[in-house]
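Student: Would you mind keeping the following structure in view while I ask a few things?
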Amino acid sequence: MRKKITEKIVVLKALQGNKEAFGYIFDKYSKKIYRFILFKVSNHELAEDLTSQVFLKVWEHILDKNKIKNLQAFIYQVARNIVIDHYRSKEKEELPLIYEESDKLINTNFSSEEFFSKKFENDTLIKIINKLKGSYREVIVLKYIEELSISEIAEILEKSKVNVRVLLHRALKEIKKLIS
């Protein structure tokens, strides 16, 4: 509750043109967004560029005095859309989520699902996640690496909570198949 109130105050200050408030937003979300994008593009420089574009778009949105209902979900939506636009411009169909240097970015203290409680090595985890189809990878990354709730993921992906749960269930089922 306190987090949401703090974010609303920061957004209101940013809407008034307060650059320090936007700095707070950038500091809080830039590493998460960079990591999220890096899982999708597999290139550090490109991930940095796209992350910059995300915060530029967020800043422009704020300067236009547009309301933001959920700041975190909004920023992830912008990041997701920028990555999609990037791949559309490259005329690629599938968004690759191959990442080579995982040990700095992945928290191995995952939640309760069977797959994550086995505490695989980061490289093994990445290889298994990379074998999933795009929608499954995305929901796994958002849930277990970014540690977002089902409702936050639903808002980011613009899907219902039920749909996100189904995707998550199917992704975990697919992971179990890949492990055995």
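The values are calculated or read from the model by the stated rules, or taken from the named source; none is laboratory data. No experiment lies behind these values; they were computed from the predicted model shown. When we count neighbours, we look across all protein chains shown, and the Cβ atoms used for this are built from the backbone with ideal geometry, even at glycine.
Student: Could you please find all residues in the stretch 23-54 being among the aromatic types (Phe, Trp, Tyr) and buried (at least 20 other Cβ atoms within 10 Å of the Cβ)?
Tutor: Of all residues in the stretch 23-54, those among the aromatic types (Phe, Trp, Tyr) come to 24, 26, 29, 34, 36, 39.
Of everything in the stretch 23-54, those that are among the aromatic types (Phe, Trp, Tyr) and buried (at least 20 other Cβ atoms within 10 Å of the Cβ) turn out to be Tyr29, Phe36, Phe39.
Student: Still on this structure, I have one more. Only one residue in Glu45, Glu60, Glu94 is at pLDDT 90 or above and of a type in the set (Asp, Glu), so which one is that?
Tutor: Glu45
Student: Which ones in the stretch 27-85 are more than 19 Å from Glu152 (Cβ to Cβ), assigned to a loop (DSSP other than H, G, I, E, B) and not basic (Lys, Arg)?
Tutor: Ser42, Asn43, Asp64, Asn66
Student: Restricting attention to the stretch 139-147, does a residue exist that is in contact (Cβ under 8 Å) with a residue 12 or more places away in the chain, surrounded by fewer than 16 Cβ atoms within 10 Å (Cβ to Cβ) and under 16 Å from the mean Cα position of the chain (by Cα)?
Tutor: Yes, because at least one residue in the stretch 139-147 is in contact (Cβ under 8 Å) with a residue 12 or more places away in the chain, surrounded by fewer than 16 Cβ atoms within 10 Å (Cβ to Cβ) and under 16 Å from the mean Cα position of the chain (by Cα).
Student: Just one of Ile126, Ile140, Ile175, Ile153 is at pLDDT below 80 and assigned to a helix (DSSP H, G or I); which is it?
Tutor: Going through Ile126, Ile140, Ile175, Ile153 in turn, the sole match is Ile126.
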